[in-house]
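The structure appears right after this line, and notes come after that.
The values are calculated or read from the model by the stated rules, or taken from the named source; none is laboratory data. Just so you know, these numbers come straight off a predicted model, no measurement behind them. All Cβ positions, even for glycine, are placed from backbone atoms using ideal geometry, and neighbour counts span all protein chains on display. Heads up: the accessible areas ignore ligands, DNA and RNA and are worked out on the full protein's heavy atoms, side chains in. Shrake-Rupley method; radii C 1.70, N 1.55, O 1.52, S 1.80 Å.
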Amino acid sequence: MHDSLRALRFSVAVCLTPVKQVIEKEFRILKIPVFGGRCSVKYIEIKIKDGEISRKEKQPDLQPGEVIFCSAYPVLKCEGPQRGVYGTLCCTNFKITFISEESLSEETAPPLSNKLLGENDIALSCVDQIYGVHDEKKKLIIGGQVRNKYPPKLLIYCKDFRVFQFGLSYAKEEEAKKIFQGIVHHSLEPKSLKCAFAFSYCEKVLYPEATVMFESKDNWKLEVNRTRSSCKIAHVNENYVVSERLPQYFAVPFAVSDEDIRKFKGQGVPLWCWSHSNGSALFKMSALPNVQDDGTAQVYRMFVDRMTNAVCQNQMYPVKIQDFSSGFLPLSDLQQSYNKFKQFFLIDNTAEFWLSDVKWFSSIENTGWLEKIRECLNKATEIVLSLEENSCVLMIEEDCSDLCCLFSSLVQVMLDPHYRTTSGFQSLIQKEWVVGGHSFLDRCNHLYQKEKESQSPLFLLFLECVWQLLQQHAPAFQFSETYLTVVSDSVHIPLFSTFLFNSQHQRDTATKLEYPDSQRHSLMIPSVWDWSLQFDWKVQALFTNPLYVEKPKQDKALRKPYRPKHQRQFSLPNSSSKPSPRKSFFKEETDNLKKMLSGMRIGKWINATEMQLSATKQFYESWQRKPLDYHGLILPCLDGPAIKIWLQRYLRWIPEAQIFGGGSVLTMKKVSDLAAEIEDLKNEMEKMAHDMHAGNTTKLFFSSFHAPTRLSSSFPFASLRTWSMRPFIPTSIVQSLGSVSNLAEKEDEDTEGVVVF
């Protein structure tokens with residue numbers, strides 16, 4: 001007893017003497033948390049010699065080609081206001097990983113388990129910001145400015161909105177310093193492309209058969225034939241001899257020659273995106289540079305006019321220009337708005353959450369992110385309206401690789417039911433984003449370059465818009481919101497070629513092996529669409545939307561013979577002949593809309609934007625009066641309350657925001673069970689017992705979650721923890737709100753400065 005008191009007094013004296021560093025070489029002081037009633041936490045300091053500590057450092061599970069750079073033990077990982085767990089913190093060439101001394105049971109393990117990244121793993125490219133905490137004060141850590149010191153507490157904000165808190169005070173000084181410097185160096189400092197883990201990963205690569213990759217002429221021919229387009233496949237850029245920004249194969253109007261493509265290295269050439277059943281089509285074009293010389297400017301104008309006429313001749317319809325190079329939706333404004341928006345979901349303590357909850361909705365609205373989503377959906381609706389009116393649309397942008405990718409994808413999702421299936425959606429991303437040349441490497445800032453002007457969440461904005469459509473028209477989509485959330489998370493895993501490069505040329509150049517004696521000519525990097533690399537079949541069952549209404553299959557014997565959906569007139573009709581009826585879905589509405597707009601007298605106080613908003617609103621209202629066809633056109637509702645927050649993606653890691661035994665997951669479980677029962681009945685009626693596996697995946701996955709209390713609104717991402725998740729609201733916040741002022745005195749006698757609800 002006397003020895004213990006002497007040791008405790010000595011530990012206090014150590015904190016007050018200047019010879020602390022000398023003492024720490026012989027002794028280590030561990031603060032062990034002891035939990036009292038409710039939220040009271042007390043700490044007992046134990047002073048132990050280094051030789052008396054048994055080293056229980058565990059090694060992480062490594063992927064093929066993964067190596068450990070540095071590690072530290074013991075490190076305390078904070079998990080909520082009342083809990084912490086000790087373990088080993090490691091940094092590899094792929095991830096930051098924490099190996100806990102406690103093992104999760106099947107009941108507490110997250111339902112959506114990833115084979116590549118565990119619950120306590122952070123991919124290096126997924127790190128957003130790192131803070132050092134000194135005396136409860138946060139200080140932003142900047143790469144390249146780290147000295148020999150290290151903070152006692154490390155706070156890591158992730159791009160998927162997870163927040164990790166690690167205490168380094170209990171590890172050896174040298175190990176703590178190395179792990180801190182290693183994490184900052186490998187996640188925050190600029191690096192070369194070859195440092196990405198995709199170049200170290202050595203495993204057999206399989207490409208999904210259902211997804212069209214658009215890397216060959218045959219892939220493009222299939223798409224052209226599927227949409228009955230009248231464009232041709234250009235292969236003049238094979239081996240990227242014309243332009244490094246263009247793909248090797250693409251579709252153009254028949255009037256565009258190979259010489260036209262070579263003339264300005266693909267700039268000013270209309271590239272085909274998609275064809276409507278009424279004969280109109282969607283094109284995109286890389287804008288020619290602005291020049292001061294009048295002669296050169298005249299040559300550019302003449303060339304663009306000729307290319308525009310080529311579209312008219314090819315489609316036999318007028319062309320409407322959508323020019324995105326004039327400053328529509330600037331990338332810097334988009335990034336700034338998203339930076340403000342995401343701060344409301346990166347919560348590292350309970351007080352911060354409840355403080356932001358006071359004016360949460362108004363603060364979210366002030367960020368402008370939801371308004372950006374509304375603007376994108378409205379612009380996509382404008383383009384859909386033009387196509388429905390039998391007009392071709394030509395989108396123009398500087399490199400036609402940002403907003404052109406965004407709007408061409410959205411338009412096709414709204415118009416083509418094929419792209420609302422899982423395989424079709426993946427093929428759409430391949431065609432418009434990957435092969436289309438979107439700069440994923442720069443826009444996502446995977447290499448953490450200092451110049452962040454090129455960074456912008458454009459692809460995330462696309463997923464946000466698709467999520468809005470999914471919420472409003474769930475039966476029209478084969479995939480679920482969990483699928484979209486997983487796709488957004490996979491962007492920040494530096495293993496897949498899908499989201500790693502700026503162009504196909506950069507990918508082919510970077511993966512070309514420098515060894516002439518090698519049996520392979522290039523390094524095989526996996527595609528993100530091979531979901532078996534990340535999830536087993538039970539988890540992949542959650543990617544399917546149980547509300548999806550499949551298109552009924554028509555019996556071949558009863559199928560009508562094929563008739564063209566549109567017919568073009570190659571000569572002007574005479575006065576006696578009747579005009580050819582339009583085959584567009586909105587013939588009456590578009591005609592009436594044209595008459596209304598042509599008869600309007602527009603004064604100076606009405607600008608073009610207000611006029612277009614009125615047109616799209618009229619278009620939406622006329623569409624709404626029609627019977628809804630989930631295998632036809634779908635349009636978004638753009639009213640204020642209709643644009644919602646993607647709760648699963650942004651709130652899934654915040655325990656205070658979870659609804660235990662409730663939320664949309666409970667509805668999803670009921671619907672999944674009903675869908676599985678219906679599938680069972682179909683199988684029994686058709687006597688297809690051998691095909692039962694396909695219809696039971698969802699039911700089998702949910703079978704272990706019978707009790708509603710086992711599910712939460714954060715399913716399937718968050719773990720089902722056993723400790724209390726009751727919110728802790730600081731007394732100062734409650735008093736400032738002027739409510740239940742005496743609650744602290746009645747129910748919080750054992751707690752200092754905290755109120756428990």
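If you go through region 478-503 and keep only what is aromatic (Phe, Trp, Tyr) and under 14 Å from residue 542 (Cβ atoms), you end up with 479, 483.
Pairs linking a residue in region 144-156 that is on the phi < 0 side of the Ramachandran plot to a residue that is of a type in the set (Ser, Thr, Tyr), with Cβ atoms under 7 Å and 6 or more positions apart or on different chains, are 152/169; 155/131. Taking region 424-463 as the range and being among the acidic types (Asp, Glu), open to solvent by 10 Å² or more (accessible area, probe 1.4 Å) and over 21 Å from residue 160 (Cβ atoms) as the test, the residues that pass are 451, 453. Restricting region 103-143 to residues that are more than 27 Å from residue 485 (Cβ to Cβ), open to solvent by 60 Å² or more (accessible area, probe 1.4 Å) and assigned to a loop (DSSP other than H, G, I, E, B), the residue that is modelled with the highest pLDDT is 142. Would it be correct to say that residue 175 is farther than 28 Å from residue 650 by Cα, in contact with a Lys or Arg (Cβ under 8 Å, 6 or more places away or on another chain) and in contact (Cβ under 8 Å) with a residue 24 or more places away in the chain? When the stated conditions are applied, residue 175 does not pass them. Counting the residues of region 623-658 that are part of a loop (DSSP other than H, G, I, E, B) and of a type in the set (A, V, I, L, M) gives 8. Taking into account only those residues within region 300-325 that are among the aliphatic types (A, V, I, L, M) and surrounded by 15 or more Cβ atoms within 10 Å (Cβ to Cβ), which is nearest to residue 224 (Cα to Cα)? Going through the qualifying residues, I end up with 311. Based on this model, can you work out whether residue 408 counts as open to solvent by less than 10 Å² (accessible area, probe 1.4 Å), part of a helix (DSSP H, G or I) and hydroxyl-bearing (Ser, Thr, Tyr)? Taking the combined requirement at face value, the residue satisfies it. Would you check if there is a residue in region 381-399 being closer than 16 Å to residue 285 by Cα and open to solvent by 30 Å² or more (accessible area, probe 1.4 Å)? Yes, there is a match, as at least one residue in region 381-399 is closer than 16 Å to residue 285 by Cα and open to solvent by 30 Å² or more (accessible area, probe 1.4 Å).
From the list 228, 162, the one residue that fits, being of a type in the set (D, E, K, R), open to solvent by 20 Å² or more (accessible area, probe 1.4 Å) and more than 22 Å from residue 97 (Cα to Cα), is 228. Residues in region 360-376 include none that are farther than 25 Å from residue 455 by Cα and in contact with a helix residue (DSSP H, G or I) (Cβ under 8 Å, 6 or more places away or on another chain). Screening region 189-225 for residues that are within 27 Å of residue 423 (Cα to Cα), open to solvent by 90 Å² or more (accessible area, probe 1.4 Å) and within 29 Å of the chain's Cα centre (by Cα) and picking the one that is modelled with the highest pLDDT gives 222.
Among the criteria (1) of a type outside the set (Val, Ile, Thr); (2) modelled with pLDDT of 95 or more; (3) assigned to a helix (DSSP H, G or I), the one residue 394 does not fulfil is (3).
In region 319-366, the qualifying residues are those that are of a type in the set (S, T, N, Q) and in contact (Cβ under 8 Å) with a residue 40 or more places away in the chain, and the one that is farthest from residue 77 (Cα to Cα) is 322.
Per-residue answers, yes or no, for (1) modelled with pLDDT under 95; (2) in contact with a helix residue (DSSP H, G or I) (Cβ under 9 Å, 6 or more places away or on another chain); (3) under 17 Å from residue 668 (Cα atoms); (4) of a type in the set (Val, Ile, Thr):
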site	(1), (2), (3), (4)
441	no, yes, no, no
445	yes, yes, no, no
449	yes, yes, no, no
452	yes, yes, no, no
457	no, yes, no, no
467	no, yes, yes, no
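Taking the conditions exactly as written (part of a helix (DSSP H, G or I), in contact with a Cys (Cβ under 7 Å, 6 or more places away or on another chain) and hydrophobic (A, V, I, L, M, F, W, C)), does residue 383 satisfy them or not? It is false that residue 383 is part of a helix (DSSP H, G or I), in contact with a Cys (Cβ under 7 Å, 6 or more places away or on another chain) and hydrophobic (A, V, I, L, M, F, W, C). Summed over region 175-198, the residues that are touching a Cys at 6+ places or on another chain (Cβ under 9 Å) and over 18 Å from residue 155 (Cβ atoms) give a count of 2. Here residue 183 meets the list (1) touching a residue at least 40 places away in the same chain (Cβ under 8 Å); (2) closer than 20 Å to residue 97 by Cβ; (3) open to solvent by 20 Å² or more (accessible area, probe 1.4 Å); (4) not polar (S, T, N, Q) almost entirely, failing just condition (3).
When region 334-367 is limited to residues that are in a loop (DSSP other than H, G, I, E, B) and either more than 20 Å from residue 649 (Cα to Cα) or of a type in the set (S, T, N, Q) (or both), the one that is most open to solvent (accessible area, probe 1.4 Å) turns out to be 359.
Looking only at region 246-276, residues that are open to solvent by less than 50 Å² (accessible area, probe 1.4 Å) and within 13 Å of residue 229 (Cβ to Cβ) come to 11 in all. In contact with a Leu (Cβ under 6 Å, 6 or more places away or on another chain), without any contact (Cβ under 8 Å) to a residue 12 or more places away in the chain and buried (at least 20 other Cβ atoms within 10 Å of the Cβ) - does that describe any residue in region 464-481? There is no residue in region 464-481 that is in contact with a Leu (Cβ under 6 Å, 6 or more places away or on another chain), without any contact (Cβ under 8 Å) to a residue 12 or more places away in the chain and buried (at least 20 other Cβ atoms within 10 Å of the Cβ).
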